[in-house]
Amino acid sequence: RGRSPIEREKNLDTSTILRFMASGAICSSLAHVTLTPIDVVKTKVQTDDRYNSGIVGTFRQVWEEEGPATFFDGWEPTFAGFFVSGAFGFFLTEFFRRFFASLLKDSLMNQSSLSEVCAAAVTASYDIPLIVAGASTAAFVCCFILAPFDSVRIRRVSQPDYADNIFGVVSRMSREEGFLSLFSTVPVWWIKEIPFNAAKFLTFDTSTEYLYETFPIAREDIRLSLVVSLVGGTLGGIAAAIVSNPGDAVVSVLKKAKTD
């Protein structure tokens, strides 16, 4: 890729791993905290029949009935959950993509007697399935991180008087429902987060690759490269939100009140 400002195949040494994790933690947590007001409105629409006037109407209703501070209810578990899961998610997606690519390459060399160069060329043609496999596997692991944080967030938003703070929410849920109740939505999170991650990284990689092929100069210009990444990230976010919405609605309903 010439002097591309972003070299995709850097060795995964400690420095590169830390950069992946830092990028994922910062970007994921800040993005989700910034969107907390929208998340609060979405959760109220999903869990409370009183809020049935659409997004704009619910914004107005929450503002009038509960005050503007309500829009940031649950920001603490949102930030913490996505900070940790973002760090591991970004790194694990790339790790598993390379891991599966290495397995495929070795399999081609051993079973099909291909040379290393030919096996590498064939493996490169499976880039999209490898991206999906890597993102899906990373999402499977990260659901164990996200589920308890989101359980606390939903309870905090759906029942504002449940506890004084997030530590109180964790303590009361653990006491009344058992500590494992915080992880009870993990299977539903798989239904939500695996399609989310797969769509996000698949759309990002395919769209940015298309843009780089259409505008080759972007590979050599850091500013154009950032624009390409921004466009790819936006498209990836839209696709991920659409495919994960059904699972998201189920999680909100399950954790709005005490687990049966």
With the full set of protein chains in place, find how many percent of the accessible area of the stretch 177-260 is carbon and sulfur; take the probe as 1.4 Å. 75 percent
Which FRET efficiency, nearest 0.05, do Glu64 and Ile128 yield, Cβ-Cβ r, R0 30 Å? 0.05
If you roll a 1.4 Å probe over the heavy atoms of the protein chains, what accessible area per residue do you get for the stretch 136-229, in Å²? 49 Å²
Cα centre as origin, Lys/Arg/Asp/Glu Cβ charges: the chain dipole, Debye: 120 debye
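Against the 2.2 N^0.38 Å scaling, with N counting residues, where does the chain land? I'd like the Cα-based Rg ratio to two decimal places. Don't jump to the answer; show the numbers that get you there.
On the way: Rg = 21.0 Å, N = 260, 2.2 N^0.38 = 18.2 Å.
Normalised Cα radius of gyration, the chain: 1.15.
Could you look at the stretch 31-105 and say what percent of its accessible area is carbon and sulfur, using a 1.4 Å probe and all protein chains?
Details: 2670 of 3820 Å².
About 70 percent, which is the carbon plus sulfur part of the accessible surface.
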Compute the FRET efficiency between Val253 and Arg172 as 1/(1 + (r/R0)^6), taking r as their Cβ-Cβ distance and R0 = 22 Å, and round to the nearest 0.05. 0.65
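Give the accessible surface of the stretch 64-124 per residue, rounded to a whole number of Å², with probe radius 1.4 Å and ligands, DNA and RNA excluded. Before the final figure, lay out each step's value.
Details: 3290 Å² over 61 residues.
Ligands and nucleic acids excluded, the figure is 54 Å² per residue.
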Ignoring everything except DSSP H segments at least 4 long, calculate the 222 nm mean residue ellipticity for the chain; use -39,500 (n - 2.57) per segment, divide by total residues, nearest 500. -26500 deg cm²/dmol
Given charges at Cβ of Lys, Arg, Asp, Glu: the stretch 34-183 dipole, positive-most of Leu146, Thr34, Phe179: Leu146
Using DSSP H assignments, which helices in the chain have an axial alpha-carbon span of 20 Å or above and a mean Kyte-Doolittle hydropathy of 0.5 or higher? 14-34, 127-158, 222-255
Over all viewing directions the Cα convex hull of the stretch 137-260 casts an average projected area in nm² of 9.1 nm²
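Select from the stretch 6-95 those GluC sites (Glu not before Pro) which occupy a DSSP coil region and have at most 12 other Cβ atoms within 10 Å, ordered by residue number. Show your work: numbers first, answer last.
Working: sites: Glu7, Glu9, Glu64, Glu65, Glu66, Glu94; in loops: Glu7, Glu9.
Counting only loop positions with at most 12 other Cβ atoms within 10 Å, the GluC sites (Glu not before Pro) in the stretch 6-95 are Glu7, Glu9.
So which GluC sites (Glu not before Pro) in the stretch 189-260 pass both tests, a DSSP loop state and at most 16 other Cβ atoms within 10 Å of the Cβ?
On the way: sites: Glu193, Glu209, Glu213, Glu220; in loops: Glu220.
In loop regions of the stretch 189-260 (DSSP not H, G, I, E or B), the sparsely surrounded GluC sites (Glu not before Pro) are Glu220.
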What's the longest uninterrupted piece of the chain once you rule out the trypsin sites (Lys or Arg not before Pro) that are loop residues per DSSP with at most 15 other Cβ within 10 Å? 51-257
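The values are calculated or read from the model by the stated rules, or taken from the named source; none is laboratory data. The shown structure was predicted, so the numbers you read here are calculated from the model rather than taken from an experiment. We place every Cβ from the backbone using ideal geometry, glycine too, and count neighbours over all the protein chains shown. Only protein heavy atoms, including side chains, enter the accessible area calculation; ligands, DNA and RNA are left aside. Shrake-Rupley method; radii C 1.70, N 1.55, O 1.52, S 1.80 Å.
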